[in-house]
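The values are calculated or read from the model by the stated rules, or taken from the named source; none is laboratory data. Quick caveat, the model's predicted, so the values are computed rather than measured. Methodologically, a virtual Cβ is constructed for each residue, glycine included, from the backbone with ideal geometry; neighbour enumeration extends over all protein chains shown. Remember, those area values only see protein heavy atoms, side chains included, never the ligands or the DNA or RNA. Shrake-Rupley method; radii C 1.70, N 1.55, O 1.52, S 1.80 Å.
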Amino acid sequence: NDRYGYNTVNYPYFFNSPQIIPFNRQGLTYVTPGQFNTYFEDFGLKIIAEAGDTMIFADSVWFFVNGSDPVLTLGDTLLLEHGSTLLLGEDAEIFTYNGGVLINEGADVQWGDASCHRAFTGTSINYSGHNHIVDNGGFIVIDGGAKLKLSDSTILTFDGADSYLKLKPNSDVEVGSNSKIIFKNGAYLDADSTNFSCSTSWQGIVLENAG
């Protein structure tokens with residue numbers, strides 16, 4: 001039964017008390033289990049979209065990649081492999097929460113207007129390889145204590161006046177060799193006291209008629 005407005009499971013081993021997420025939209029919020037206890041072991045959940053798969057989030061849906069501990073980063077994982085497709089409806093949002101992780105290895109993400117990825121404290125959004133594009137009014141938010149990670153030779157592009165990257169105070173951006181972040185055609189960066197780090201050298205932030 002959907003007692004709390006999201007997909008809790010009435011099973012004692014799932015970590016599913018009504019306080020597992022900070023907010024919800026009744027009937028439109030979905031949460032990974034975060035923790036499954038069996039005797040003395042904990043297991044995380046990994047959802048994988050393989051090449052040829054399509055994952056669809058309808059308008060206004062909130063999806064939490066949940067976890068059990070933001071300090072130890074013990075969380076579930078959503079993995080989007082190269083060749084998969086993610087369709088985000090208008091105002092659809094994917095949150096990493098309480099140790100959860102979102103990994104995009106080259107998926108084709110089709111952003112709806114005001115759709116979003118947000119990383120809460122103790123979580124990360126990771127991009128690897130290929131050229132990743134955030135457009136059509138989509139945006140990404142990295143909270144303080146959360147991380148945005150780009151692997152080597154990865155390009156993350158924000159394109160269009162309503163698309164942006166918001167980096168809150170004490171957020172972290174970890175970039176690999178030859179990676180870069182591009183803002184073009186009115187897209188913009190909203191950053192405050194963010195920590196940027198790279199083990200070698202990267203191509204930096206590129207502005208092309210940015211907002």
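Just need a number here: residues in the stretch 86-113 that are at pLDDT below 95 and surrounded by fewer than 19 Cβ atoms within 10 Å (Cβ to Cβ).
0
Do the conditions hold for Lys166, that is, is it open to solvent by 60 Å² or more (accessible area, probe 1.4 Å) and touching a strand residue (DSSP E or B) at 6+ places or on another chain (Cβ under 6 Å)?
Taking the combined requirement at face value, the residue satisfies it.
Tally time: how many residues in the stretch 195-211 are outside any loop (DSSP other than H, G, I, E, B) and out of contact with any Phe, Trp or Tyr (no Cβ under 8 Å at 6 or more places or on another chain)?
If we filter the stretch 195-211 for residues that are outside any loop (DSSP other than H, G, I, E, B), which is where we start, we get 195-198, 204-208.
Still in the running and out of contact with any Phe, Trp or Tyr (no Cβ under 8 Å at 6 or more places or on another chain): 195-198, 204.
Going through the stretch 195-211 one residue at a time, the tally reaches 5.
How many of the residues making up the stretch 86-123 are polar (S, T, N, Q) and not in a strand (DSSP E or B)?
So in the stretch 86-123, the residues polar (S, T, N, Q) come out as 96, 98, 104, 110, 115, 121, 123.
When the remaining residues are screened for being not in a strand (DSSP E or B), the result is 98, 115, 121, 123.
Count: 4.
Working only within the stretch 173-194, note down all residues that are open to solvent by 40 Å² or more (accessible area, probe 1.4 Å) and either part of a strand (DSSP E or B) or in contact with a strand residue (DSSP E or B) (Cβ under 8 Å, 6 or more places away or on another chain) (or both).
Looking only at the stretch 173-194, we keep the residues that are open to solvent by 40 Å² or more (accessible area, probe 1.4 Å), and these are 174, 178, 180, 184-185, 188-193.
Correct list: Glu174, Lys180, Lys184, Asn185, Tyr188, Leu189, Asp190, Ala191, Asp192.
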